[in-house]
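Chemist: My structure is below; once you've seen it, I'll send some questions.
Nothing in this text is a laboratory measurement; each read-out follows from the coordinates by a stated rule. Given the structure is predicted, the values throughout are model-derived calculations rather than measurements. Virtual Cβ from ideal backbone geometry, glycine too; neighbours counted across all protein chains shown.
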Amino acid sequence: MSNGVHLHEALAFNPDWVKDPVPPWIRNFLDKTVLRELAIVQLEYQKNLLDLQSKTTERALGVLRQSK
């Protein structure tokens, strides 16, 4: 590519950009019920993100298979 970015670098998955919005230190002060709810929210978020990644992977594979 002309801008110096290689395609494999541009398409690389970087899970580090996803951050937990709850600071770790605050968990020491929260009730277990609140911690459970936060865990559910985080797990639902991760599931939705993985579903989206799976769908985009399938679409990318379809495009690559058609380009033979």
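Chemist: How would you order 41-51, 24-34 from highest to lowest mean count of nearby Cβ atoms within 10 Å?
Modeler: Peptide ranking by packing, descending: 41-51, 24-34.
Chemist: In whole Hz, what ³J(HN,Hα) sequence does segment 34-50 give by Karplus (6.51, -1.76, 1.60; θ = phi - 60°), x for Gly and Pro?
Modeler: Couplings: 5, 4, 5, 4, 5, 5, 4, 4, 5, 5, 5, 4, 4, 4, 5, 5, 5 Hz.
Chemist: May I pose another question? Taking 0.36 nm per residue of sequence separation and subtracting the Cα-Cα distance, how much length would be gained by fully extending the chain between Lys55 and Arg27, in nm to one decimal?
Modeler: Gain on stretching Lys55 to Arg27: 6.7 nm.
Chemist: Each residue of segment 21-27 in order: what ³J(HN,Hα) in whole Hz does its phi give by Karplus 6.51 cos²θ - 1.76 cosθ + 1.60, θ = phi - 60°, with x for Gly and Pro?
Modeler: In residue order, the calculated couplings are x, 9, x, x, 5, 6, 5 Hz.
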